[in-house]
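The values are calculated or read from the model by the stated rules, or taken from the named source; none is laboratory data. Keep in mind it's a predicted model, so treat the numbers as computed, not measured. Backbone-built Cβ (ideal geometry, glycine too); neighbour counts: all protein chains shown. Ligands, DNA and RNA are excluded from the accessible area calculation, which covers all protein heavy atoms including side chains. Shrake-Rupley method; radii C 1.70, N 1.55, O 1.52, S 1.80 Å.
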Amino acid sequence: MRSSNPVFSRRGFSRDNGYAGFNAAPQAGGPAVGTQANPYAQGGNPYAQNPYAPQDLQQGAPPQAPVSTGRMTMDDVVMRSAMTLGTVTVGAILAWALLPVSSTSYGLAIGAALVAFVLAMVQSFKRTASPALILGYAAFEGVFLGVISEMYNSRWSGAPFQAVLGTMAVSGATLLVYKAGWVRVTARYARIGMTIAIAFVVVTAVNLLLVVFGVANDGGLRSMGPLGAIVGILAILIGAFFLTLDFKQIEDGIAYGAPKEEAWLAAFGLTMTLVWIYVEMLRLVAIFSGDD
């Protein structure tokens, strides 16, 4: 699915976007956001464009850009995120209510997931945020989540509710750790984390192929046993890592005057990350619930 969010790796709050305050001299009476103070001024955003960039950003919170109209604010991010996650939720509720558990609904869920993936990839390679694509992705993703949640609930009663609580707990804990400064999002941190994430995705893809061709039994690495639980916990930790990148991207976008429209990209990235965590949490709850 996935900073994890390809939208942030393709286009982010960087010099090339021409934001006010980038490569600009400090305004009178305002904080310094010129080339000396702004780590984005010369090399662009190492998190948005190249997580493998060799240099680390200066530690500490970036200076706040002068307040002006047309700039992204935290309220913008919260509002767009609420709209996107709300669309996912409505799609999931409708799918749960209207599509009873069956092979047909399972096929529809796979189809919805593929459509959501295509829309996500199209948005990721666009140079501007498209609310229609983002909300379309959220709607189809919601259908997928609604169907698989109902399937899990039919076998492990209450699993979706526990997965939602688990997703909220992971997200809240990650935000707390980030805001407390216990995790510093530097280029080295992003480089190591992305290497682990890419390796995880590759290994998971290979495991899926082995399962499809009957080489690996009972799901292989993604089984419903202890090994599957370990892999699931690792996947959730990777999701938490992606959340820290999302938080950093949002924080810096606001600080350096990203356009208001970029709030849609922030909401898109957060939604993809939260979907990742929820799906992995759903599997983990099922594993710990056993076959009862």
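Results, tabulated for the structure shown:
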quantity	calculated
Filter result (of a type in the set (Gly, Ala, Ser) and either in a helix (DSSP H, G or I) or surrounded by 14 or more Cβ atoms within 10 Å (Cβ to Cβ) (or both)) within the range 171-182	Ser171, Gly172, Ala173
Helices (runs of 4 or more DSSP H) completely within the range 183-292 that count 2 or more residues being open to solvent by 60 Å² or more (accessible area, probe 1.4 Å) and among the basic types (Lys, Arg)	187-212
Members of the range 80-100 that are surrounded by 16 or more Cβ atoms within 10 Å (Cβ to Cβ) and over 19 Å from the mean Cα position of the chain (by Cα)	Ala95, Trp96, Leu99
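Residue-wise test of (1) at positive phi; (2) open to solvent by less than 80 Å² (accessible area, probe 1.4 Å); (3) under 17 Å from the mean Cα position of the chain (by Cα).
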| position | (1), (2), (3) |
| --- | --- |
| Val78 | no, no, yes |
| Gly107 | no, yes, no |
| Ile110 | no, yes, no |
| Tyr137 | no, yes, yes |
| Gly142 | no, yes, yes |
| Trp156 | no, yes, no |
| Gln162 | no, no, no |
| Ala169 | no, yes, yes |
